1. Scan (1) free of Cβ contacts under 8 Å to residues at least 60 places away in the same chain; (2) out of contact with any helix residue (DSSP H, G or I) (no Cβ under 8 Å at 6 or more places or on another chain); (3) more than 13 Å from B:Ile21 (Cα to Cα) for the single condition B:Glu145 breaks and write down its number.
2. Filtering segment B:21-31 down to residues that are within 7 Å of chain A (Cβ to nearest Cβ) and touching a strand residue (DSSP E or B) at 6+ places or on another chain (Cβ under 7 Å), which residue is farthest from B:Ile59 (Cα to Cα)?
3. Can you confirm whether A:Ala143 is over 17 Å from A:Thr79 (Cα atoms) and away from chain B (no Cβ under 14 Å)?
4. Is there any pair linking a residue in segment B:104-115 that is in a strand (DSSP E or B) to one that is among the hydrophobic types (A, V, I, L, M, F, W, C), with Cβ under 6 Å and at least six apart or on different chains, and which?
5. Sort through B:Val72, B:Val109 and tell me the only one that's away from chain A (no Cβ under 14 Å), modelled with pLDDT of 95 or more, under 24 Å from B:Leu151 (Cα atoms) and within 16 Å of the chain's Cα centre (by Cα).
6. Just to confirm my filter: which helices (runs of 4 or more DSSP H) fall fully inside segment A:249-360 and include at least 3 residues that are within 14 Å of chain B (Cβ to nearest Cβ)?
7. If you check B:Ile53, B:Ile59, which single one turns out to be part of a strand (DSSP E or B), in contact with an Asp or Glu (Cβ under 9 Å, 6 or more places away or on another chain) and within 14 Å of chain A (Cβ to nearest Cβ)?
8. Condition first: surrounded by 21 or more Cβ atoms within 10 Å (Cβ to Cβ) and under 20 Å from A:Trp293 (Cβ atoms). Now tell me which residues in segment A:139-153 satisfy that.
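The values are calculated or read from the model by the stated rules, or taken from the named source; none is laboratory data. The structure displayed is predicted, hence computed values, not measured ones. All Cβ positions, glycine included, derive from the backbone under ideal geometry; neighbour counts span all protein chains shown.
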Amino acid sequence: MSEETVLMKGNEAIAHAAIRYGVDGYFGYPITPQSEIIETLMETAPWKTTGMVVLQAESEVAAINMVYGGAACGKYAMTSSSSPGISLKQEGISYMAGAELPALIVNVQRGGPGLGTIQPSQADYFQTVKGGGHGDYKLITLAPNSVQEMADFVGLAFDLAFKYRNPAMILTDGVIGQMMEKVKLPAWRRRRTEQEIREQCPWATLGKTADRKPNIITSLELDSAAMEKNNERFQAKYRVVEATEVRYEEVKCNDADYLLVAFGSAARICLKAIDLARKEGIKVGLLRPITLWPFPTEILHAYGGKMKGMLTVELNAGQMVEDVRLAVNGQIPVAHYGRLGGIVPTPDGVLAALKEKVVH
Amino acid sequence: MLQEIVISGFGGQGVLSMGKILAYSGMMEEKEVSWFPAYGPEQRGGTANVTVIISNEPISSPVVNQFDVAIVLNQPSLEKFESRVKPGGALIYDGYGIHRKVERKDINVYRVNAMDESMKMDNSRVFNMIILGGLLKISPMVALENVMKGLKESLPERHHKLLPMNEAAILRGMELVEQEQQAE
């Protein structure tokens, strides 16, 4: 066992990974089931070591706008919350998409709507990948299915956010946030110097120098012709992301007749359901989208031509299933199985749904 | 080796920390482990439970239907988990908190009178370690030396002086555990 391997919660892994990645600032407001993120940051006190700012804002809205400010200066800025708090942040997220600001937002989902419950859910899929805030924008969305991926995706999310000047989200839930597993924490990176930020982010508002025009960070453009141009630029960028950054995992798909499609915690439950199904002679595999946007449309379309049927398993009433159906485009039936309001499906439940809805 | 265990009782009985020590112990043996709590308002007084999985293979789902071992420390936990023990699996309970007989005949049933014993030891806080001793006796999934390493790892350093007391409680639990029913 290496020294770096530790046992911790997914939420704690996010906090430690952020410090190690050289994040400049975390701004948040506590809410179950993700409060361990800010608690771990406060306990670890990185302002004494790396100089990272950790601030409990007066509200979720304040926190996301602090992230906007940090990101406008080219800093690695992040926030985290759970579903009701993420709803509050939507205005800020839309503004960041419009101002093309890179940042990380973590959503450890709980059951809604409204204040709902504190138990796990995946019911914010639509909110995350279909807009959430107003306007034609996209959020790069990563869906970890383990504590290890919680740690690994912090750096990946910042890398993608800065590569495309676009906000990125880690969309996870109370299962992955609260569970403890072994995790190998990422290597330490020092925070970037101001000079490095100036070089890497020539758009950042770090103070005008004599050799350039002022940098302006804004989502406002009252000239509609110019605003259309801005939108066309965003859309062109989104097409590049869709062509370049799709990530997914395939499990036991080679000999499969049927395909489960699930992300995050639901995908873990599906792994066990696959073992149960195969013991009964049902050949089933799993396609796990790791990026929810960009969505793995092409591979799902290809499997639509090979499989006899598909079942999406989600902790919601049927959200990702719509994107899977669009990808499969009618080649085969695509069913959905979900539990709602904070109830986590069991492997038995998945197997029963597979038999009832897909295997005939 | 795959052991899927649920530990369930009142908040404050040390359910979550017992699970944590078990998970750390498995990790000390270089096994795969997962620890998934029913988190929330249960922490103070209500019924809390945690699923701990220890395995030689990567763990698929942290959420399972059925358990190799269910440790039930109060009546609501018995009602909730008796039906979810695998046939031939084990149910461990503390005599103090359970008011009826186990109904299933296809599982092994063990009693550890940990509440009484922790009172005798004049330390109610070792209650969960006595239970843990009972578990390790009937299902030696991790070696005692690794449990002690796990305990050390999971306790803040200021509490390390309590390690010998906890070890004594684990050993006492190993002596106390009694089989009440053999699976049919």
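1. Exception for B:Glu145: condition (3).
2. Per the stated criteria, the residue is B:Tyr24.
3. No, not satisfied.
4. Hits for this filter: B:Asn108/B:Ala90; B:Asn108/B:Ala183; B:Val109/B:Leu91; B:Val109/B:Val102; B:Tyr110/B:Ile92; B:Tyr110/B:Ile138; B:Tyr110/B:Val177.
5. B:Val72
6. Correct list: A:264-279, A:347-357.
7. B:Ile53
8. Of all residues in segment A:139-153, those surrounded by 21 or more Cβ atoms within 10 Å (Cβ to Cβ) come to A:139-147, A:149-151, A:153.
Result: A:Leu139, A:Ile140, A:Thr141, A:Leu142, A:Ala143, A:Pro144, A:Asn145, A:Glu149, A:Met150, A:Phe153.
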